[in-house]
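The values are calculated or read from the model by the stated rules, or taken from the named source; none is laboratory data. Remember, predicted model here, so these are calculated numbers, not experimental data. Cβ placement follows ideal geometry from the backbone for every residue including glycine, while neighbour counts extend to all protein chains displayed.
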Amino acid sequence: MVILDGGLATHLEALGADLRDDLWSARLLLEDPSMIRRAHLDYFAAGAEVAITAGYQASIPAFTRRGLGPRRAEELILLPVRLAAEARDAHGAGTVAASVGPYGAFLANGAEYTGAYDLDEDGLFAWHRDRWHILAGSGADLLACETVPSRAEAAALRRLLAETPGTRAWVSFSCRDDERIGDGTPIAEVAALFAGNPQVVAVGVNCTAPRHIPGLIDRLRGLPVVVYPNSGETWDSRERRWHGLTDPAAFGAAAAGWRERGARLIGGCCRTTPEHIRGIRESLDAS
């Protein structure tokens, strides 16, 4: 059983960061990298064993759109790995998973939850390729391919894995319900793209409502499973605020159920905090 960290951007905002930007948490790579290192340390202290880097929205197109040159963009893609490794070393143990955000994160229009892309598989392969090779050589322990909403993007990532045979990764999908990923493809169908691949340490779900997790795990039987859902709160785009409350202890208790169903890597995504990870740790240790 491996415990992942929680919502990095959520904790950065709690620490005082202003992330109202298309770069989201990657904005701090330019403005205050030390805050990212501190957030990783807080998650390690709460019981996390894996730090997912602040690279979700860090891509060459995103940085060049900001006016930076390709060489500076590459430096900034590598920086999150170094910050997570420094936090791991200061903590004394842990794993660094380099975040590979979806194309939808670059679009910054919510497409990472729908798969409504303007690129096909070949286009997605080309869009991801430069960053993929940078991260494959970054020294990260593995790559965390996160919030993947479409079959075409999953197929592109499978092709990139084949180009870097020494690279290990997990692939996690954003899901619309307890059966289908964002574009409507059954999760069992896209998971089958990675079945039996020795480079893939786990397949699963992230940034999805916790109520969908049990059913999704059931559809991934026979695979090593990673789950890190959001808190269960809902975002009101009209009022621009979150609705609902989330109890870290209840989140931890739910995590014990996910482990019983077969999940082997468990953490949290949006709106989860170090307290949620502490809740997972305490619940799993007690069960």
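Overview of values
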quantity	calculated
Checklist (1) farther than 17 Å from Asp5 by Cβ; (2) in contact with a helix residue (DSSP H, G or I) (Cβ under 9 Å, 6 or more places away or on another chain); (3) surrounded by fewer than 23 Cβ atoms within 10 Å (Cβ to Cβ); (4) touching a residue at least 40 places away in the same chain (Cβ under 8 Å) applied to Ile181, failing item	(3)
Matching residues in region 64-76 - criterion: being crowded, with 16+ Cβ neighbours inside 10 Å, part of a helix (DSSP H, G or I) and free of Cβ contacts under 8 Å to residues at least 24 places away in the same chain	Ala73
Test: residue in region 202-209 that is of a type outside the set (Val, Ile, Thr), surrounded by 20 or more Cβ atoms within 10 Å (Cβ to Cβ), within 20 Å of Glu233 (Cα to Cα) and modelled with pLDDT of 95 or more	yes
Any hit, region 77-97, residues being farther than 20 Å from Ser172 by Cα, touching a Leu at 6+ places or on another chain (Cβ under 7 Å) and assigned to a loop (DSSP other than H, G, I, E, B)	no
Where Val81 falls short, out of the listed (1) within 27 Å of Arg278 (Cβ to Cβ); (2) surrounded by fewer than 23 Cβ atoms within 10 Å (Cβ to Cβ); (3) of a type outside the set (Ser, Thr, Tyr)	(2)
Qualifying residue in region 244-256 (condition: in contact with a Leu (Cβ under 8 Å, 6 or more places away or on another chain), under 17 Å from Gly115 (Cβ atoms) and surrounded by fewer than 24 Cβ atoms within 10 Å (Cβ to Cβ))	no
Pair list, Cβ < 6 Å and 6+ apart or interchain, from region 1-15 residues that are under 16 Å from Ala26 (Cβ atoms) and surrounded by 21 or more Cβ atoms within 10 Å (Cβ to Cβ) to residues that are among the hydrophobic types (A, V, I, L, M, F, W, C) and modelled with pLDDT of 95 or more	Gly7/Cys269; Leu8/Ala39; Leu8/Ala54; His11/Ala39; Leu12/Ala39
Positions within region 31-57 being of a type in the set (Gly, Ala, Ser), assigned to a helix (DSSP H, G or I) and either under 19 Å from Ala140 (Cα atoms) or over 20 Å from the mean Cα position of the chain (by Cα) (or both), in sequence order	Ser34, Ala39
Flag if Ala192 is within 30 Å of Ala116 (Cα to Cα), hydrophobic (A, V, I, L, M, F, W, C) and surrounded by fewer than 17 Cβ atoms within 10 Å (Cβ to Cβ)	yes
Criterion (surrounded by fewer than 24 Cβ atoms within 10 Å (Cβ to Cβ), at pLDDT 95 or above and not in a loop (DSSP other than H, G, I, E, B)) met by exactly one of Pro214, Pro165	Pro214
Members of region 58-76 found to be more than 11 Å from Ile134 (Cβ to Cβ), among the hydrophobic types (A, V, I, L, M, F, W, C) and under 20 Å from the mean Cα position of the chain (by Cα), listed by number	Ala62, Phe63
